[in-house]
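**Q** Structure in structure tokens, see below.
Nothing in this text is a laboratory measurement; each read-out follows from the coordinates by a stated rule. Please read all numbers here as calculations on a predicted model, not as lab measurements. In this analysis, Cβ positions are derived from the backbone assuming ideal geometry, glycine residues included, and neighbour counts consider all displayed protein chains.
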Amino acid sequence: MNKNEMSLVKKVKDWYIQGFQLHKCYVEDWDEIKSIFKLYGLNLSEHGPILTINELKNVRIAKGLTDSLMYDQDIREMANGKAIETENQIKGRIFLTILRIYPEFCNKLGEKIFENWMKNPDQNLSKIFDLEGTMKDTEKEIEDIISEVVFLFKKEVFKNLKKVK
């Protein structure tokens, strides 16, 4: 059955799964994401949760940081723009700023470290490859493995810093 022969319900579901729900200005971005998944023979409908889970984590972190920083007077003054009038607008601007810069900051900070770890993987990478199940099923296990990798990395860095002093 080709797309022209699909029922309306099936078409709507197909469009939704493929990202049709996105605002049209993001169609190019969505098409790029889909094309990269397709390049590697992956069905975005099955693996899309990786995007959702990552963004959900970023939103949760941004909320937590907003809650802890929203009463900092310096940050409030920076966030209080000309068109901002209400308390919620100030908090919203702090939240969106954190949500916007947090992932980029972490990517820039960790990119080289991650690349080096991938070039010299330890047993933790094989643990990740051995996981079975959906992104949601394995989310906690991956988080625990990554936490251990980061903990060991920090421990090594601090040990080396003590040697330098």
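**Q** Once the principal axes of the Cα atoms of region 121-165 are found, what is the range along each, listed largest first in whole angstroms?
**A** Largest first, region 121-165 extends 46, 17, 8 Å along its Cα principal axes.
**Q** With a 10 Å radius around each residue's Cβ, average the other Cβ atoms per peptide and rank 46-57, 115-126, 89-100, highest first.
**A** Details: 46-57: 13.7, 115-126: 10.6, 89-100: 17.3.
Result, highest mean first: 89-100, 46-57, 115-126.
**Q** Right, another one. Could you check which residue among ASP67, ASP130, ASP144 shows the biggest mean-square fluctuation in a GNM of the chain with a 10 Å Cα cutoff?
**A** Among ASP67, ASP130, ASP144, the largest GNM mean-square fluctuation belongs to ASP130.
**Q** Using θ = phi - 60° and the Karplus relation 6.51 cos²θ - 1.76 cosθ + 1.60, list the HN-Hα couplings for region 98-113 in order, rounded to whole Hz, with x at every Gly or Pro.
**A** Working through the residues one at a time gives 5, 4, 6, 9, 4, x, 5, 4, 5, 4, 5, 5, x, 4, 5, 4 Hz.
**Q** Now for a separate question. List, in the order given, every pair from LYS63/LYS159; LYS34/LYS63; LYS112/LYS155 whose Cα-Cα distance in the structure shown is over 21 Å.
**A** In this structure, LYS63/LYS159; LYS34/LYS63 exceed 21 Å between Cα atoms.
**Q** For the chain, rounded, prolate or oblate, judged on the Cα gyration tensor with a ≥ b ≥ c (square roots of eigenvalues), a/c < 1.5 rounded, else prolate if a/b > b/c?
**A** Verdict is oblate for the chain.
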